[in-house]
Amino acid sequence: TNFISVKNEFKTYGTGTHAVTANEDISFEIKQGELTIILGASGAGKSTLLNVLGGMDKLTSGSVNVNGTELADLNSRELTTYRRKKIGFVFQFYNLVQNLTTVENVELASEIADNAMNAAEALTAVGLESRLQNFPAQLSGGEQQRAAIARAIAKNPDLLLADEPTGALDYKTGKKILQLFQDFTHKYHKNVIIVTHNSMIRPMANHVIEIADGQVKSDTRNDAPTPVE
Ligand code: ADP
Ligand code: ADP
């Protein structure tokens with residue numbers, strides 16, 4: 001069954017002579033439990049697509065259905081509720097609140113969710129059980145990204161969206177982060193979409209959608225993704 005169905009999605013910024021079409025007639029489907037990579041060069045339209053899927057931005061036309069919710073039909077208030085309750089976000093630079101401890105960062109994010117996990121449990125799931133009372137500045141980059149992932153999964157989201165999640169990390173640390181995403185999809189049948197320009201992580205995904213100039217250039221599935229060892 002399809003978890004996400006995108007049909008003829010367009011996103012244009014601005015109007016008239018200043019209009020920029022960032023997504024042009026994009027269509028694809030994502031099945032329940034897939035680890036999907038949206039791959040493309042800078043300016044291809046990846047973040048725009050991620051922002052539409054996450055309810056940060058409204059599509060201009062077409063259809064984007066996420067787990068039964070048609071995003072084209074939501075007004076901006078409904079999109080905010082969708083974003084807060086259904087989606088977990090992971091960013092390149094972690095975006096942790098610096099004056100809150102690790103466990104407080106996770107608690108803050110899960111307050112708004114309906115079925116939040118216990119914050120300490122979420123941090124244990126990413127291997128940070130010994131770091132609950134530390135502040136972000138006391139953690140390494142890899143640990144901060146783990147904390148950010150704990151914050152995202154603690155909301156118990158339908159969908160995890162990650163924008164260049166390994167972009168600020170060294171290769172080895174990045175692999176550990178990808179392993180967490182693989183666990184999230186393969187063990188718990190949740191959905192993760194990673195946006196990146198880094199084609200090295202391609203073999204680790206179930207599904208790779210390549211975007212160029214705002215359009216889908218290729219859409220391939222891999223039934224035997226390489227486990228991150
Ligand atoms: P990527 O994430 O692949 O680097 P983006 O989705 O950020 O690509 O950008 C796609 C295109 O849309 C680019 O031409 C970019 O300049 C344009 N764009 C993105 N966001 C905005 C915005 N808020 N206003 C105007 N143009 C934008
Ligand atoms: P990782 O496995 O995330 O790459 P590192 O090997 O970089 O971890 O770091 C090991 C330990 O050193 C971490 O537990 C962390 O507490 C500490 N550490 C690393 N970088 C920093 C930093 N910039 N500031 C404070 N502590 C750090």
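The values are calculated or read from the model by the stated rules, or taken from the named source; none is laboratory data. Bear in mind the structure is a predicted one, so any value in this text is a computation, not a measurement. Here the Cβ positions follow ideal geometry from the backbone for every residue, glycine too, while neighbour counts run over all protein chains shown. For accessibility, only protein heavy atoms count, side chains too; no ligands or nucleic acids. Shrake-Rupley method; radii C 1.70, N 1.55, O 1.52, S 1.80 Å.
Brief remarks follow.
- All positions within region 181-206 that are more than 14 Å from the chain's Cα centre (by Cα) and not in a loop (DSSP other than H, G, I, E, B): Asp183, His186, Ser199, Met200, Ile201, Arg202, Pro203, Met204
- Restricting region 124-137 to residues that are open to solvent by less than 70 Å² (accessible area, probe 1.4 Å) and of a type outside the set (S, T, N, Q), the residue that is farthest from ligand 1 (Cβ to nearest atom) is Leu132.
- Check on Thr80, more than 16 Å from ligand 1 (Cβ to nearest atom), touching a residue at least 24 places away in the same chain (Cβ under 8 Å) and either over 18 Å from Val192 (Cα atoms) or in a strand (DSSP E or B) (or both): yes
- Among the residues listed as Gly43, Gly16, the single one being surrounded by fewer than 16 Cβ atoms within 10 Å (Cβ to Cβ) and either hydrophobic (A, V, I, L, M, F, W, C) or near ligand 1 (Cβ under 8 Å from one of its atoms) (or both): Gly43
- Restricting region 187-198 to residues that are open to solvent by less than 80 Å² (accessible area, probe 1.4 Å) and not β-branched (Val, Ile, Thr), the residue that is farthest from ligand 2 (Cβ to nearest atom) is Asn191.
- Scope region 143-180; condition surrounded by 22 or more Cβ atoms within 10 Å (Cβ to Cβ), part of a helix (DSSP H, G or I) and among the basic types (Lys, Arg); matching residues: Arg146, Arg151
- Selection from region 25-40 of residues that are surrounded by fewer than 17 Cβ atoms within 10 Å (Cβ to Cβ), assigned to a strand (DSSP E or B) and touching a Phe, Trp or Tyr at 6+ places or on another chain (Cβ under 9 Å): Asp25, Glu29, Lys31
- The condition (being part of a helix (DSSP H, G or I) and buried (at least 18 other Cβ atoms within 10 Å of the Cβ)) is satisfied by just one residue among Glu107, Glu121: Glu107.
- Condition check for Lys11: part of a strand (DSSP E or B) and farther than 21 Å from Thr220 by Cα: yes
- Subset of region 199-224 that is small (Gly, Ala, Ser) and more than 15 Å from ligand 1 (Cβ to nearest atom) - its residue that is surrounded by the fewest Cβ atoms within 10 Å (Cβ to Cβ): Ala224
- Residues located in region 86-103, provided they are surrounded by 16 or more Cβ atoms within 10 Å (Cβ to Cβ) and of a type outside the set (Val, Ile, Thr): Lys86, Gly88, Phe89, Phe91, Gln92, Tyr94, Leu96
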